[in-house]
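Working notes, beginning with the structure itself.
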Amino acid sequence: MLSIVHPLPFTPDQARSSAGAGLVNLATPSPREAFAAATAQATIVLDLGSAQPVDRVVLGFTTAAATDSFSVVPGLDGAAVPGVFAHSYRRAPVLRHGLCVLPAPVVTRYVQLRINAAAPIRAGVAVVGQAMRSAFEYGSGRPLVDTGRSDRLWSGGFGGEGGAVAGGYGWTMVDLSDALRDRLYAMQLDLGTTGDFLVVEDEAATEGLNERIHWGRAPKLETFERQADGTSKLAMAIADWA
């Protein structure tokens, strides 16, 4: 089942967080503007400004290993909910995403991210919000974009220049309730094609999870279609940051 998160705005709480450089960078959409922890055991506190429902937290584009630990505390004194630094089939070095799924939405102003790593990590983005989930998707696939170029040489070999390879995901949701359709429509009005959102494919499956966590933008906006049974159908896509 797919999870879609319209991110909540937040301010990193410098006073309550562990030492490190660039903590404010976690609130920017670009993963290239990173936070560098000063210690292997670090706590990051995010202030949402007011109490908001939260059930998904991602610490994205990190240098953590899959064996490092990640957990989330809703509030300032709640119980820690274990998360995971996602497994990847890619060869090292891997920018790994940390994902925590809360058992149920928690209304809170503060969210703590706790990292216990073998060495201080870097992280590119933090994402907090409440997931929107549809029961069925079909026609899904993962496009790839390579910003580099490769040219055939007269010698028969190849030349060119390297770039970045970025993934993404496209899918069609069916049997959408009116409430879910309206929430997705509101998200698209808020973000358009220049705002960033989070998509997680099949978060319960651990193998290859890292490449099923998508942070990016909608390459285009589609019109929802009313179906004969009164539900709606909507095609969506996300183009990932690399």
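So which residues in the stretch 121-145 are modelled with pLDDT of 95 or more and either under 18 Å from Asp196 (Cβ atoms) or surrounded by fewer than 18 Cβ atoms within 10 Å (Cβ to Cβ) (or both), if there are any at all? Talk me through it step by step, then tell me what you get.
Step one: list which residues in the stretch 121-145 are modelled with pLDDT of 95 or more, which gives 121-132.
Residues satisfying the conditions are Ala123, Gly124, Val125, Ala126, Val127, Val128, Gly129, Gln130, Ala131, Met132.
Hey, could you check the stretch 79-97 for residues that are among the hydrophobic types (A, V, I, L, M, F, W, C) and in contact with a Phe, Trp or Tyr (Cβ under 9 Å, 6 or more places away or on another chain) and say which is most open to solvent (accessible area, probe 1.4 Å)?
Filtering the stretch 79-97 for residues among the hydrophobic types (A, V, I, L, M, F, W, C) gives 79-81, 84-86, 92, 94-95.
Narrowing the set further to residues that are in contact with a Phe, Trp or Tyr (Cβ under 9 Å, 6 or more places away or on another chain) leaves 84-85, 95.
On the way: Val84: 65, Phe85: 3, Leu95: 95 Å².
Looking at the filtered set, the residue picked out is Leu95.
Of all residues in the stretch 98-109, count the ones that are out of contact with any Pro (no Cβ under 7 Å at 6 or more places or on another chain), surrounded by fewer than 20 Cβ atoms within 10 Å (Cβ to Cβ) and not small (Gly, Ala, Ser). Steps first, answer last, please.
Kept after step one, since they are out of contact with any Pro (no Cβ under 7 Å at 6 or more places or on another chain), are these residues of the stretch 98-109: 98-101, 103-104, 109.
Subset that is surrounded by fewer than 20 Cβ atoms within 10 Å (Cβ to Cβ): 101, 103-104, 109.
Add one more test, that the residue is not small (Gly, Ala, Ser), and what stays is 101, 103, 109.
Summing the residues that are out of contact with any Pro (no Cβ under 7 Å at 6 or more places or on another chain), surrounded by fewer than 20 Cβ atoms within 10 Å (Cβ to Cβ) and not small (Gly, Ala, Ser) in the stretch 98-109 gives 3.
Kindly evaluate Glu211 against the criterion of being in contact (Cβ under 8 Å) with a residue 40 or more places away in the chain, touching a Gly at 6+ places or on another chain (Cβ under 7 Å) and open to solvent by 30 Å² or more (accessible area, probe 1.4 Å). Please lay out each step first, then the result.
Numbers: in contact (Cβ under 8 Å) with a residue 40 or more places away in the chain: yes; touching a Gly at 6+ places or on another chain (Cβ under 7 Å): yes; open to solvent by 30 Å² or more (accessible area, probe 1.4 Å): yes.
Yes; evaluated as a whole, the condition is true for this residue.
List pairs: first residue in the stretch 179-197 and at positive phi, second residue open to solvent by 20 Å² or more (accessible area, probe 1.4 Å) anywhere in the structure, Cβ distance under 9 angstrom, at least six positions apart or on different chains.
Gly192/Arg217; Gly192/Leu221
Which one of these does Thr39 not meet: (1) of a type outside the set (A, V, I, L, M); (2) in contact (Cβ under 8 Å) with a residue 60 or more places away in the chain; (3) buried (at least 18 other Cβ atoms within 10 Å of the Cβ); (4) within 22 Å of Thr63 (Cα to Cα)?
(3)
Within the stretch 74-91, take every residue that is among the hydrophobic types (A, V, I, L, M, F, W, C) and part of a loop (DSSP other than H, G, I, E, B) and give me the one that is nearest to the chain's Cα centre (by Cα).
So in the stretch 74-91, the residues among the hydrophobic types (A, V, I, L, M, F, W, C) come out as 76, 79-81, 84-86.
Next, from what is left, pick out any that are part of a loop (DSSP other than H, G, I, E, B): 76, 79-80, 86.
Working: Leu76: 23, Ala79: 23, Ala80: 20, Ala86: 12 Å.
Selected residue: Ala86.
Condition first: open to solvent by 70 Å² or more (accessible area, probe 1.4 Å) and either assigned to a helix (DSSP H, G or I) or closer than 19 Å to Leu234 by Cα (or both). Now tell me which residues in the stretch 180-201 satisfy that. Spell out the reasoning first.
Taking the stretch 180-201 first, the residues open to solvent by 70 Å² or more (accessible area, probe 1.4 Å) are 182-183, 185, 189-190, 194.
Matches in the stretch 180-201: Asp182, Arg183, Tyr185, Leu189, Asp190.
Results for (1) farther than 22 Å from Arg96 by Cα; (2) assigned to a loop (DSSP other than H, G, I, E, B); (3) of a type in the set (S, T, N, Q); (4) in contact with a Leu (Cβ under 7 Å, 6 or more places away or on another chain), shown as yes or no for each residue.
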{"position": "Glu203", "(1), (2), (3), (4)": "no, yes, no, yes"}
{"position": "Glu211", "(1), (2), (3), (4)": "no, no, no, no"}
{"position": "Glu222", "(1), (2), (3), (4)": "yes, yes, no, yes"}
{"position": "Ala228", "(1), (2), (3), (4)": "yes, yes, no, no"}
{"position": "Ala239", "(1), (2), (3), (4)": "no, no, no, no"}
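Can you name the residue in the stretch 18-67 that is out of contact with any strand residue (DSSP E or B) (no Cβ under 6 Å at 6 or more places or on another chain) and of a type in the set (D, E, K, R) and, of all such residues, is nearest to Asp240 (Cα to Cα)?
Arg32
Only one of Thr67, Thr63, Thr28 is surrounded by 19 or more Cβ atoms within 10 Å (Cβ to Cβ) and of a type outside the set (D, E, K, R). Can you tell me which?
Details: Thr67 fails: surrounded by 19 or more Cβ atoms within 10 Å (Cβ to Cβ); Thr28 fails: surrounded by 19 or more Cβ atoms within 10 Å (Cβ to Cβ).
Every option except Thr63 fails the conditions.
Hey, among the residues in the stretch 214-225 that are touching a strand residue (DSSP E or B) at 6+ places or on another chain (Cβ under 6 Å) and not small (Gly, Ala, Ser), which one's most open to solvent (accessible area, probe 1.4 Å)? Steps first, please.
First, pick out the residues of the stretch 214-225 that are touching a strand residue (DSSP E or B) at 6+ places or on another chain (Cβ under 6 Å): 214-217, 219, 222, 224-225.
With the extra rule that they be not small (Gly, Ala, Ser), the set shrinks to 214-215, 217, 219, 222, 224-225.
Values: His214: 2, Trp215: 26, Arg217: 80, Pro219: 83, Glu222: 71, Phe224: 77, Glu225: 98 Å².
Among those residues, the one meeting the criterion is Glu225.
The values are calculated or read from the model by the stated rules, or taken from the named source; none is laboratory data. Quantities reported herein were computed from a predicted structural model and do not represent experimental measurements. So basically every Cβ, Gly included, is an ideal-geometry build from the backbone, and we count neighbours across all protein chains shown. These accessible areas exclude ligands, DNA and RNA; they are computed on the full protein's heavy atoms, side chains included. Shrake-Rupley method; radii C 1.70, N 1.55, O 1.52, S 1.80 Å.
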